[in-house]
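Everything below concerns the one structure shown next.
The values are calculated or read from the model by the stated rules, or taken from the named source; none is laboratory data. These numbers were taken from a predicted model, which means no experiment stands behind them. Using ideal geometry, Cβ is built from the backbone for each residue, glycine included, and neighbour counts are taken over all protein chains shown. Heads up: the accessible areas ignore ligands, DNA and RNA and are worked out on the full protein's heavy atoms, side chains in. Shrake-Rupley method; radii C 1.70, N 1.55, O 1.52, S 1.80 Å.
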Amino acid sequence: WSFGTSDFSIELWVKASDEGFLIYQGDSGVSYTEHVFHLKTLGSGLLRFMLAYDGSPNCILSEGSIFDGSWHHVVIVRRSLIFYMFVDGDEQADTLDIGSYTMKDTGANLWMGGLSVGDAGKMLTGSLDEVRIHKGYALTEGEITQNDQRGLDGFESNTTTGLVAYWSFNNKEA
């Protein structure tokens, strides 16, 4: 996923009850000297989006726990080089401004629902659904709210929204 310095959005539905990786991509392992990004649940139930490069992990945290037995719509947006997190349509207070850092194409696999590399092997205790990646396009707050209230059918225009990947995982069924 060579995002470069372009806008993009990653959105998904999650129901979780313990710490684990939702999405992970990086050069190798979990070394912060590598080019890594991930979205994971922490033991507290908070969500963390992390972008690590050149030895520096940079994070956004959600405002509240998602360990409540419900499905949650989570969106990470990079718009004009600033990262934002939305949970259930609400923009979280944290943002991440990384300047003109270029997200490199590591050639590494994109992991979903866990990571089985070294001591980082933490599988998600829960379920993922409707994982979508929009490249070259930052979803607006209105689009995030709309997507929070409906699912996609896989036929959305990728020329308008930059939708380049969509995994439905059987419509939020555990």
* Candidates Thr41, Thr106, Thr102, Thr33 - the one that is at pLDDT 90 or above and more than 21 Å from Gln149 (Cα to Cα) -> Thr41
* Within segment 5-23, track down each residue that is open to solvent by less than 10 Å² (accessible area, probe 1.4 Å) and either touching a Phe, Trp or Tyr at 6+ places or on another chain (Cβ under 6 Å) or of a type in the set (Gly, Ala, Ser) (or both). => Ser9, Ala16, Gly20
* Among the residues of segment 120-129, write down those that are closer than 15 Å to Glu11 by Cβ and open to solvent by 10 Å² or more (accessible area, probe 1.4 Å). => Leu128
* Asked: For segment 46-84, what are the residues that are within 20 Å of Asp18 (Cα to Cα) and in a strand (DSSP E or B)?
  -> Leu47, Arg48, Phe49, Met50, Cys59, Ile60, Leu61, His72, His73, Val74, Val75
* In this structure, does Ala52 turn out to be surrounded by 15 or more Cβ atoms within 10 Å (Cβ to Cβ) and at pLDDT 95 or above? -> no
* Asked: Of everything in segment 66-80 that's under 16 Å from the mean Cα position of the chain (by Cα) and open to solvent by 40 Å² or more (accessible area, probe 1.4 Å), which residue is farthest from Thr140 (Cα to Cα)?
  -> Trp71
* Every residue from segment 82-107 that is in contact with a strand residue (DSSP E or B) (Cβ under 7 Å, 6 or more places away or on another chain) and open to solvent by 30 Å² or more (accessible area, probe 1.4 Å) -> Ile82, Tyr84, Asp88, Glu91, Asp94, Thr95, Asp97, Thr102, Thr106
* In segment 17-30, what count of residues is obtained for those that are of a type outside the set (Gly, Ala, Ser) and at pLDDT below 85? -> 3
* Report yes if Phe86 is of a type outside the set (S, T, N, Q), touching a Cys at 6+ places or on another chain (Cβ under 8 Å) and either over 22 Å from Ile144 (Cα atoms) or modelled with pLDDT of 90 or more (or both), otherwise no. => no
